[in-house]
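What follows draws every value from the coordinates through simple rules; no lab data is involved. Predicted model only: the values in this text are computed from it and were never measured. Every residue, glycine among them, receives a Cβ derived from its backbone with ideal geometry; neighbour counts consider all protein chains shown.
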Amino acid sequence: MKTYTTIVKEAKDYDELSKHAAEHVINVVNKKPEATICIAGGDTPKGMINNLVQAKKEGAVDFSQCQFIGLDEWVGLGENDPGSCQHFLYHHLFKPLEIEREQIHVFDARSEELNEECTKMNQLLDSLGGLDIVVLGIGVNGHVGFNEPETGADWKAHVIRLDEKTLQVGQKYFDSSITPPKFGITLGMKQLLHSKEVVVIASGEKKLSAVQQLLYGEVSMEHPASILRYHPSLRVLVDQHSFVKTL
Ligand code: F6R
């Protein structure tokens, strides 16, 4: 498979990065009001999401016809569990943007039938013709969504035993008395690569090595984000701390 030149945009700080990321989402929705959108949970997208909420308030964008797809979830958790991806998305994104339930399609990670959840998600994405835009954070181990190192580059939605690093870093989303679940459910690399637009956002020195690997390292599932270089128009938005230009 052919790799492409990645478009890297370096922002002076997190606020500027967040603004640029929001502009991408807004452009997609303004061009295609019924766009299918997927936005990662986690810390990095918070600023971008605040910008989206502000833009909605100002009437600069209308999400009322969009479909929102959940990227991933900790197995066993749902929207009422603090620390879960859905708790984050409902609180920061869906409620402030007044997104209706019918527009939200997320994994039920509390289901006994997780494989069925994956099948349903795969069918839904196929019927929608894939994602129009996905905005991804990147893990320090290079994961995107819960596509962990050494998993399949051509996988669709799946359940995965989470990497030790993911569990260790993921503790930040949870109260110290709660141990993060050991399994995750996620859209697969195949679906991320199939998205019409892929935007990766990274901020802070802790992401430096992961961003360097994504941009300049070997393309391999040892570092899942690097696989996104197979996407013809991957955009990586970084701040000064998470990026060192390599000629
Ligand atoms: C969360 C997700 C993860 C995060 C990544 C970075 O839904 O899919 O891949 O995007 O772990 O997390 P933060 O932004 O908290 O550094």
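Starting from residues that are more than 15 Å from the ligand (Cβ to nearest atom) and touching a residue at least 12 places away in the same chain (Cβ under 8 Å), keep the ones in the range 65-86 and report whichever is farthest from residue 127 (Cα to Cα). Let's see the steps before the verdict.
Kept after step one, since they are more than 15 Å from the ligand (Cβ to nearest atom), are these residues of the range 65-86: 65-67, 76, 80.
Those still in the list that are touching a residue at least 12 places away in the same chain (Cβ under 8 Å) too: 65-67, 76.
Values: 65: 16, 66: 15, 67: 12, 76: 27 Å.
Applying the filter and picking the extreme gives 76.
Name the residues in the range 153-177 that are farther than 13 Å from residue 74 by Cα and part of a loop (DSSP other than H, G, I, E, B), would you? Full working, then the answer.
Let us first name the residues in the range 153-177 that are farther than 13 Å from residue 74 by Cα, namely 153-157, 164-165, 168-169, 172, 175-177.
Of everything in the range 153-177, those that are farther than 13 Å from residue 74 by Cα and part of a loop (DSSP other than H, G, I, E, B) turn out to be 153, 154, 155, 156, 157, 175, 176, 177.
Does the range 114-128 include one or more residues that are assigned to a loop (DSSP other than H, G, I, E, B), of a type in the set (A, V, I, L, M, F, W, C) and either within 15 Å of the ligand (Cβ to nearest atom) or within 29 Å of residue 18 (Cβ to Cβ) (or both)? So that I can check it myself, show each step before the final result.
Taking the range 114-128 as the starting set, the residues that turn out to be assigned to a loop (DSSP other than H, G, I, E, B) are none.
No, because not a single residue in the range 114-128 is assigned to a loop (DSSP other than H, G, I, E, B), of a type in the set (A, V, I, L, M, F, W, C) and either within 15 Å of the ligand (Cβ to nearest atom) or within 29 Å of residue 18 (Cβ to Cβ) (or both).
Can you go through 47, 42 and tell me which one is assigned to a loop (DSSP other than H, G, I, E, B), buried (at least 17 other Cβ atoms within 10 Å of the Cβ) and within 16 Å of the ligand (Cβ to nearest atom)? Give the derivation first.
Numbers: 47 fails: assigned to a loop (DSSP other than H, G, I, E, B).
After applying the criteria, what remains is 42.
Quick check on my filter: what residues within the range 213-230 are buried (at least 20 other Cβ atoms within 10 Å of the Cβ) and more than 20 Å from residue 245 (Cα to Cα)?
224
Looking at the range 109-129, I want the residues that are more than 17 Å from residue 79 (Cα to Cα) and have a partner that is surrounded by 15 or more Cβ atoms within 10 Å (Cβ to Cβ) and of a type in the set (S, T, N, Q) with Cβ atoms under 6 Å, at least 6 apart or on another chain. Which pairs are those?
The qualifying pairs are 125/191; 128/36.
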